[in-house]
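Structure record follows, encoded as structure tokens.
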Amino acid sequence: MPAEAARPCSLYILPAKPTMADLEAGFARRGAQVVACDAERRLAVQTHEAEHELEAQFLTRRTKR
């Protein structure tokens, strides 16, 4: 599996004494970070799978010759 798929997500951490505004902004920011991280991981896995599919197709065609 590609390293990008195993790398942990970087998430916003609230300040020591958060205000209500910090909480609201923090939850929105973390939500966006989780969505972005999930998309990056999904793309890494899809790319990995596509590479292996192409390799398999190449080897199948090569053995038929």
Compute the angle between helix 20-64 and the longest alpha-carbon principal axis of the chain, please, reported from 0 to 90 degrees and rounded to the nearest 10. 0
Considering only protein heavy atoms and a 1.4 Å probe, what is the carbon-and-sulfur percentage of the accessible area of the range 18-64? 60
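Specify, per residue and in Å³, the volume enclosed by the convex hull of the alpha carbon atoms belonging to the chain. Working shown, then result.
On the way: hull volume 2.9 nm³, N = 65.
Per residue, the Cα convex hull of the chain comes to 45 Å³.
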If you count only protein heavy atoms with a 1.4 Å probe, what accessible area per residue comes out for the chain, rounded to a whole Å²? 86
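The values are calculated or read from the model by the stated rules, or taken from the named source; none is laboratory data. Because the structure is predicted, anything quoted here is derived from the model rather than measured. Quick note on the areas: whole protein, heavy atoms, side chains included, nothing else; ligands and nucleic acids left out. Shrake-Rupley method; radii C 1.70, N 1.55, O 1.52, S 1.80 Å.
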